[in-house]
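Colleague: So that we are looking at the same thing, I have put the structure below in structure tokens.
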Amino acid sequence: MKTHVQNDFQKLLRERRSVRKFTHDPVPAELITAAIDDVRFSPTPTNRQCYKFIGVSDPLILQSMRIDVLARIEEIAARLAPETATSFKEYAGWFTFFDQAPLVLFGLYRLFASRLPDGEESSRSLEGIAELQAFGGAIHALILSLHARGLGSCWMSGPLIAADKLETLLAVESPWRLGAVIPVGKPAQKPVCPRKPDSATVFSYFPAS
């Protein structure tokens, strides 16, 4: 029998959607503060809190960022074969809707020297693995916390094609790097759940029974 905690957690995971259309209602600052406070408790490998977030609600700044992303899309498309460029630009149409949200959160991460030395014979670097895992976990916790508070969001990586420009606009300084763009607001509609892989596709025991 499931407990209330199990039921609530399952509902939170399964009802959340990636929201791309928002109302124009401002996002209450206290909801964002509470969600960020939840993120502090997200699991991290080696207990490294190597992330932070910047919130932007100024529409002029967001429009400027959108222009930078569009310029980068055109620059990349210009180097591609015509058919490939057309397909890329169609796909990249999903990179720029963030400026329509009343608030955008920009996730930053930083890397540290690894606490797990590779060894002289190793062909695989462990540098940055723990930090990237921690950053992904923080984003996941943030999006679920936002959803629990009635806010929609979308985890975006497409705008990172113009990360250097966006980092300049946000005054991001080394060693911090932009790793995620998350538009936030009250959902204008509830998207349909996309198809998900079944459990057998993503999990197996070893050795197989």
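Colleague: Go through Lys11/Lys190; Lys52/Lys165; Lys21/Lys165; Lys89/Lys196 and tell me which ones have a Cα-Cα distance over 22 Å in this structure.
Modeller: Lys21/Lys165; Lys89/Lys196
Colleague: Which FRET efficiency value, to the nearest 0.05, is calculated for Phe9 and Arg40 with the Förster distance at 22 angstrom and r the Cβ-Cβ distance?
Modeller: 0.75
Colleague: Pairs of alpha-carbon atoms within less than 8 angstrom and 6+ residues apart define the contacts here; what relative contact order does the chain have, in percent?
Modeller: 35 percent
Colleague: Still on this structure, please answer the following. DSSP loop (so not H, G, I, E, B), at most 14 other Cβ within 10 Å: list which chymotrypsin sites (Phe, Trp or Tyr not before Pro) in segment 1-74 pass both filters.
Modeller: Answer by residue number: Phe41.
Colleague: Taking the inverse of the average 1/r across all pairs of different Cα atoms in the chain, what Kirkwood radius in Å do you get?
Modeller: 19.3 Å
Colleague: Under the 0.36 nm per residue contour assumption, what length would be gained going from the current alpha-carbon distance of Val202 and Leu170 to full extension?
Modeller: Extra length available between Val202 and Leu170 comes to 7.8 nm.
Colleague: Quick check: net charge around Lys186, other residues with Cβ under 15 Å of its Cβ, Lys/Arg +1 and Asp/Glu -1?
Modeller: +4
Colleague: Follow-up. Based on DSSP H runs of at least 4 residues, each adding -39500 (n - 2.57), what is the mean residue ellipticity at 222 nm of the chain after dividing by all its residues, to the nearest 500 deg cm²/dmol?
Modeller: -12500 deg cm²/dmol
Where a number appears in this text, it was derived from the coordinates with a stated rule and is not lab data. Because the structure is a prediction, the values reported are computed rather than measured. Quick reminder, even Gly has a Cβ in these numbers, built from the backbone with ideal geometry, and neighbours come from all protein chains shown.
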